[in-house]
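> Please read through the structure below; I'll follow up with questions.
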Amino acid sequence: MQDLDHIAVIITAAGRGARMGGPPKQWRELDGASVLSRSIAAFAGFGRIVVVLHPEDMARGAEELAGAVTLVAGGESRAASVRAGLELLEGSDVTHVLIHDGARPLVGTEVLAGVLDALRAGAVAAAPGIPVSDALWRGAKGNVAGIQPRDGLFRAQTPQGFRLDVILAAHRTHSGDAADDVELALKAGYEVAITAGSEDNLKLTYGPDMDRARRIMRGAMDIRLGNGFDVHGFDEGDHVTLCGVHIHHDRGLSGHSDADVGMHALTDAIYGALAEGDIGRHFPPSDPQWKGADSEIFLRHAAGMAREKGFRIGNADVTLICEAPRIGPHARAMQARLAAIIGIEPTRVSVKATTSEQLGFTGRGEGIAAIATATLIGG
């Protein structure tokens with residue numbers, strides 16, 4: 001089997017989620033990101049990702065997923081939607097395809113690796129499943145009508161992997177809908193290898209499933225908290241730069257860079273959460289190239305390092321401590337500026353100010369101090 005550049009992923013997200021009620025489940029928010037975007041993120045690194053959307057959602061998909069995936073309008077059934085994605089891949093250099101439910105946002109690397117390993121070993125088709133362990137009943141009119149033996153039964157999951165030509169031919173010879181793509185492969189006469197599934201790889205179907213998904217995510221999360229503190233004294237000048245915003249003032253701040261005390265504190269908070277020291281470790285003040293440097297350079301570096309290590313910034317909180325200048329009129333601009341640099345929503349950034357009641361060096365107007373806290377979320 002070829003490498004990942006020749007494996008495409010089709011994510012089905014054309015349903016309306018009627019059993020859950022409310023808006024379509026694939027667009028619902030799940031801890032700061034949509035269910036669909038989390039499902040897509042599980043396949044980062046694959047050469048091509050095709051997302052099948054309901055025709056009414058195509059404009060929304062183009063806006064929210066622009067550039068990250070290829071979009072195609074789905075059909076009236078799941079099988080028709082998958083076939084639309086498969087037809088799009090015909091004639092390309094794709095040799096194998098993974099077909100995944102957009103409502104399964106928590107597929108883990110082990111489940112994915114199991115399917116890929118089976119395909120690499122020569123399987124024409126492979127899909128994850130979980131052996132049924134509970135007793136099974138047949139019901140009628142609210143009562144138990146019989147017992148169903150559970151021997152040899154599995155609960156099906158996705159992604160389901162196939163050789164592209166095989167599953168496309170299976171779809172073209174089948175006119176109706178199917179429970180999943182494994183059903184079509186079996187009807188076409190192909191064997192399907194069963195790989196290991198996971199209880200965490202749930203399909204969001206009913207309302208309580210969203211809460212269960214959040215509990216699973218909390219259990220798998222690596223949450224880091226970091227804090228930073230910085231101080232700069234006043235010097236000659238006609239403005240200060242705080243959290244990326246220039247404020248006219250009768251004095252400036254003294255420092256090796258632009259002396260942005262708020263941005264420095266937040267940068268150190270992110271480095272601290274990563275256990276990566278402070279600004280001085282990454283941008284030594286003894287190095288003349290950082291003389292007068294824009295502190296945005298430091299903050300972008302810290303945020304980028306967080307992303308490279310698999311973390312997203314959950315929120316940031318900065319407190320500026322000074323008697324003057326007044327921070328309040330500029331707080332929203334500072335909030336927006338910091339959010340843009342670290343790549344999160346402004347509603348996840350707080351900038352506020354306090355005085356030291358005329359005590360200490362800040363109280364005497366000798367300088368400005370800042371403290372900052374940053375939360376990083378990984379996993």
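> Among GLY304, GLY328, which is the only one that is small (Gly, Ala, Ser) and over 21 Å from LYS352 (Cα atoms)?
Going through GLY304, GLY328 in turn, the sole match is GLY304.
> For SER254, all conditions in the list (1) in the same structural domain as GLY310 (by TED's automatic domain parsing); (2) polar (S, T, N, Q); (3) buried (at least 18 other Cβ atoms within 10 Å of the Cβ) hold save one; what is the number of the exception?
(3)
> When the stretch 1-45 is examined, which residues are found to be at pLDDT below 85, closer than 18 Å to GLU56 by Cα and surrounded by 14 or more Cβ atoms within 10 Å (Cβ to Cβ)?
GLY17
> Can you tell me which residue is farthest from VAL115 (Cα to Cα) among those in the stretch 152-182 that are surrounded by fewer than 17 Cβ atoms within 10 Å (Cβ to Cβ) and without any contact (Cβ under 8 Å) to a residue 24 or more places away in the chain?
SER175
> Another question, if that's okay. Where in the stretch 293-379 are there helices (runs of 4 or more DSSP H), lying fully within it, with 3 or more residues that are closer than 28 Å to GLY233 by Cβ, in the same structural domain as THR267 (by TED's automatic domain parsing) and in contact with a helix residue (DSSP H, G or I) (Cβ under 9 Å, 6 or more places away or on another chain)?
The qualifying helices (runs of 4 or more DSSP H) are 296-308, 331-342.
> In the stretch 62-74, which residues are under 19 Å from the mean Cα position of the chain (by Cα) and touching a residue at least 24 places away in the same chain (Cβ under 8 Å)?
The answer is GLU64, LEU65, ALA68, VAL69.
For (1) β-branched (Val, Ile, Thr); (2) out of contact with any strand residue (DSSP E or B) (no Cβ under 9 Å at 6 or more places or on another chain); (3) more than 13 Å from HIS100 (Cα to Cα), each residue gets a yes or a no:
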position	(1), (2), (3)
ILE49	yes, no, no
VAL52	yes, no, no
ASP57	no, no, yes
GLY61	no, no, yes
ALA66	no, yes, yes
VAL69	yes, no, yes
VAL72	yes, no, yes
ARG78	no, no, no
GLY85	no, no, no
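> Right, here's the next one. Taking strands (runs of 3 or more DSSP E) that do not extend beyond the stretch 138-228, which have at least 2 residues that are modelled with pLDDT of 95 or more and more than 30 Å from ARG120 (Cα to Cα)?
Of the strands (runs of 3 or more DSSP E) lying wholly inside the stretch 138-228, those with at least 2 residues that are modelled with pLDDT of 95 or more and more than 30 Å from ARG120 (Cα to Cα) span 143-148.
> Return yes or no: is THR347 surrounded by fewer than 20 Cβ atoms within 10 Å (Cβ to Cβ), at pLDDT 95 or above and among the β-branched types (Val, Ile, Thr)?
For THR347, the condition - surrounded by fewer than 20 Cβ atoms within 10 Å (Cβ to Cβ), at pLDDT 95 or above and among the β-branched types (Val, Ile, Thr) - is not met.
> Moving to a separate point now. Can you go through VAL144, VAL111 and tell me which one is in the same structural domain as LEU36 (by TED's automatic domain parsing), over 30 Å from SER34 (Cα atoms) and in contact with a strand residue (DSSP E or B) (Cβ under 8 Å, 6 or more places away or on another chain)?
Residue meeting the stated conditions: VAL144.
> Taking PRO329, is it free of Cβ contacts under 8 Å to residues at least 60 places away in the same chain, more than 30 Å from ILE216 (Cβ to Cβ) and surrounded by fewer than 19 Cβ atoms within 10 Å (Cβ to Cβ)?
Yes.
> Mind checking whether some residue in the stretch 129-141 is in contact (Cβ under 8 Å) with a residue 60 or more places away in the chain, assigned by TED's automatic domain parsing to the domain that holds ARG16 and closer than 20 Å to ASP101 by Cα?
Among the residues of the stretch 129-141, at least one is in contact (Cβ under 8 Å) with a residue 60 or more places away in the chain, assigned by TED's automatic domain parsing to the domain that holds ARG16 and closer than 20 Å to ASP101 by Cα, which makes the answer yes.
> Given the criterion farther than 19 Å from ALA8 by Cα and of a type outside the set (Phe, Trp, Tyr), identify the matching residue among ILE99, ILE130.
Exactly one residue qualifies, and that residue is ILE130.
The values are calculated or read from the model by the stated rules, or taken from the named source; none is laboratory data. Here the structure is a predicted model, which means the values were calculated and not measured. When we count neighbours, we look across all protein chains shown, and the Cβ atoms used for this are built from the backbone with ideal geometry, even at glycine.
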